[in-house]
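A short write-up of the structure that comes next.
The values are calculated or read from the model by the stated rules, or taken from the named source; none is laboratory data. What you see is a predicted model, and the numbers here were worked out from it, not measured in a lab. In this analysis, Cβ positions are derived from the backbone assuming ideal geometry, glycine residues included, and neighbour counts consider all displayed protein chains. With ligands, DNA and RNA removed, areas are computed over all heavy atoms of the protein, side chains included. Shrake-Rupley method; radii C 1.70, N 1.55, O 1.52, S 1.80 Å.
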Amino acid sequence: MTAPRTPTIAEELRGAGLRVTAARVAMLETVRDGDHLGVEAIASGVRDRVGHISLQAVYEALHALTAAGLVRRIEPAGSAARFEGRVGDNHHHIVCRSCGAVADVDCATGHAPCLTAADDHGFSIDEAEVIYWGLCPRCSSS
Ligand SMILES: [Zn+2]
Ligand SMILES: [Zn+2]
């Protein structure tokens, strides 16, 4: 018996129909190691791993990874886009109004959509995007 093997990042990229490049592998590693990173932080993480990459190339690769479902993009109102590797589980986010810190909150019901619309207007609803706003422990104690 062979133990089930988790696919390598290169295999995940190929499986999603994306060309495998060192920069894309480094980007996925950076996003997964990070905690809701912004584009600048991702660019510097990729540079640490593979050397120079332009911000434009980072934007393009993030777009491709997001479209392929390997990366999730969140964009809380008033904040720049953040990216994370936790995808496909319909989790939500809590955002600090003061410093912008982001934390994960598990799906309220275990599956999408979390909320039942009072009136669905005939739409077939598959997602409710929930952002909880407040102050993080550090900001609320200062
Ligand atoms: Zn805060
Ligand atoms: Zn998250």
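How large is Rg over Rh for the chain, taking Rg from the Cα atoms and Rh as the Kirkwood inverse mean of 1/r across Cα pairs?
Rounded to two decimals, Rg over Rh is 1.02.
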- Which value, in Å² and to the nearest 10, is the accessible area of D35 when all protein chains are kept and the probe is 1.4 Å? 100
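Which percent of the accessible heavy-atom area of the chain goes to carbon and sulfur, probe 1.4 angstrom? Walk me through the intermediate numbers first.
On the way: 4700 of 8920 Å².
That share works out to 53 percent.
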- Candidates A77, A16, A26: whichever shows maximal mean-square fluctuation once the chain is modelled as a Gaussian network with Cα springs under 10 Å: A77
- So for R0 = 22 Å, FRET eff. of D126-V87 from the Cβ-Cβ r, to 0.05, ends up at 0.90
- Query: When the Debye formula is applied to the Cα atoms of the stretch 88-142, each taken as the same point scatterer, what base-10 log of I(q)/I(0) results at q = 0.19 Å⁻¹?
  - Reply: -0.71
- Message: What number does the stretch 9-83 give for Rg over Rh if you use C-alpha atoms and the Kirkwood radius?
- Response: 0.94
- Query: Can you pull the accessible area of E60 for me, 1.4 Å probe, Å² to the nearest 10?
  - Reply: 110
- Task: Report the relative contact order of the chain, percent, no decimals, based on alpha-carbon pairs under 8 angstrom and at least 6 residues apart.
- Result: 18
- Query: Roughly how many Å² is the accessible area per residue of the stretch 49-119, as a whole number, for a 1.4 Å probe?
  - Reply: 56
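For the stretch 42-142, run through the chymotrypsin sites (Phe, Trp or Tyr not before Pro) and keep only the ones in DSSP coil with at most 11 other Cβ atoms within 10 Å of their Cβ. Don't skip to the end; give the middle numbers.
Details: sites: Y59, F83, F123, Y132, W133; in loops: F123.
Taking the stretch 42-142 and a limit of 11 other Cβ atoms within 10 Å, the loop chymotrypsin sites (Phe, Trp or Tyr not before Pro) found are F123.
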- Item | Sequence-separation-based contact order of the stretch 66-132, relative, with Cα cut under 8 Å and 6+ spacing, percent | 25
